[in-house]
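For reference, the structure is listed below as structure tokens.
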Amino acid sequence: MSLKERIGKKVRENQDEIVSFCQKLIQFDSHVEPPSGFEGEVQEFMNDYLETMGLQVDMWEPREDEFFKYKGYVSGGKRDYRGRPNVVGTLPGKGGGRSLILNGHVDTVPIGPRSLWQHDPLGGEIRDGRIYGRGASDMKSGIAAMVMALKSLLDLKITLKGDLILESVVDEESTGNGTLACLGSGYLADAALVPEPSDGKIFRGHPGVMGLKITTTGKGGHASARWHLTNPVDKLLKIQVLLQKLEKEWLISKTQYPFEPPSIAQTMIHAGTNFNVVPETATLTCDIKYLPQHADENGFGGVLQREVEERISVLAQSDVWMKDHPPKLEWLADGNPSLVEKDHPIVQTIRKCVGALQEKTRIGVATGCSDVRYFVVNGIPGVWYGPGHYSQAHVTDEYATIESIVDATESIALFITDWCGS
């Protein structure tokens, strides 16, 4: 029996264990609630489980000094990591192979109103071949796949040549500091795989994302005095129109295959306290996606930041009120884009392993972001491939199919042996 056949057989034999492990992860409430989060219990479980697998396990609370040793830090405000440890398990290789990081986050977004869920968000219920619950797709099924892939190899007593580092990190949904803390603690390798939900596709890149909050000021008062006041909402509307025009320009001038065009999504608007009060301020918050070829010299969104600032400044100078009361721009975040060449060994290796189970292997780029960006911007080639569908992330009645979890487990197990050598 070939190595591939042995691995496939073992993974299928372990299916009940794989499903049970994923259910167990879902049953922990590990949502983030900035500045803190609730990942502690699930990380204790992960620590114990990796120890039973025979890995060298390191568990520690991320420290601020670790975030700045490598590129990628995104300021999301002060964070509290007390009781929120990272867990890293290392399996040293026998030598002569390439090293690999498997990285996944245990934190989730909040459950939201439970009344909207038809399935228990912390139940890990199985129905019609699906596992339901918060984090089922994003990304506790991915953690189950990477852990169970390695366990299947250990069950077969397969010895790897290269070192394998398995990272269970915190705070991805809020900042990504968990992964930065792993880099800052010295966990480096020749490549990285992040099993975020990809619907069986291999994502070799994703766009960068910036958050922007714009505040306009005015002269508020009773709405009956409308013509004697300056409404900041009127000024904000001018900026909204400008940003829509700029986005259309980017559709023509800033495209990059195979990415979707860059975008300026206006996501939140706030102004006023009552229908008959002209407000003093108005705010608009935007999600700005940008592509790798438009990143600045450090790999981030400085180029487009300056373009947005300049266009708003020109608009303000043409407005009688905003000329003397310029809008305030606050950049909330800047997550760098990621791109690995299609012919890079890591892309071709994972393609071969996924292709062993699928008739057609799909390689593309994601529309959202993941922690893979921290590896790529710091010189570690990384790809995104995992169970579940990205459309299930953060939704009510989130689920992942059992078939996708088992298939990803087998593909990742094959990838580990191919990349690291055995």
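FYI, it's all coordinate maths here, none of it is from the lab. No experiment lies behind these values; they were computed from the predicted model shown. With ideal geometry, Cβ positions are generated from the backbone for all residues, glycine too; neighbour counts draw on all protein chains shown.
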Long-range amide H partners of Leu332 with built H, under 5 Å: Gly211, Leu212, Lys213
Rg/Rg_globular for region 223-337, with Rg_globular taken as 2.2 N^0.38 Å and Rg from C-alpha atoms: 1.22
Alpha carbon centroid spacing (whole Å) that separates region 290-338 from region 93-154: 37 Å
Those aspartates and glutamates that a straight Cα-Cα span of less than 15 Å connects to Lys157, excepting residues fewer than 8 apart in one chain: Glu5
Integer Hz, Karplus 6.51/-1.76/1.60 couplings in order for region 171-178, x for Gly and Pro: 6, 5, 5, 9, 9, x, 5, x
Pairwise centroid distance, computed over Cα atoms, of region 208-266 with region 1-42, Å: 43 Å
Cβ-defined net charge surrounding Arg98, 12 Å radius [Lys, Arg +1; Asp, Glu -1]: -2
Cross-link pairs Lys71/Lys94; Lys10/Lys140; Lys71/Lys352; Lys140/Lys360 - those with Cα-Cα distance over 29 Å: Lys71/Lys94; Lys71/Lys352
3J(HN,Hα) from dihedral phi, region 258-269, Karplus parametrisation 6.51/-1.76/1.60, rounded to Hz, x for glycine, proline: x, 7, 5, x, x, 8, 10, 8, 7, 9, 9, 10
For region 88-177, the Rg and Dmax computed from alpha carbons only, in angstrom: 16.5, 54
Within the chain, helix-based [θ] at 222 nm, where runs of 4 or more DSSP H residues each add -39,500 (n - 2.57), nearest 500: -10500 deg cm²/dmol
Convex hull volume of the chain per residue (C-alpha atoms, cubic angstrom): 152 Å³
Residue exposure sequence - Phe38, Phe275 - by fewest surrounding Cβ within 10 Å: Phe275, Phe38
Protection proxy ranking of 27-35, 311-319 - average other beta-carbon atoms within 10 Å, highest first: 27-35, 311-319
Relative packing of 211-223, 400-412, which averages over residues the other C-beta atoms within 10 Å, highest first: 400-412, 211-223
Ranked packing of 326-338, 88-100, most packed first, by mean Cβ within 10 Å: 326-338, 88-100
Ranking of Met1, Met148 by count of other Cβ atoms within 10 Å, fewest first: Met1, Met148
Relative exposure of Trp384, Trp227, judged by other C-beta atoms within 10 Å (fewest first): Trp227, Trp384
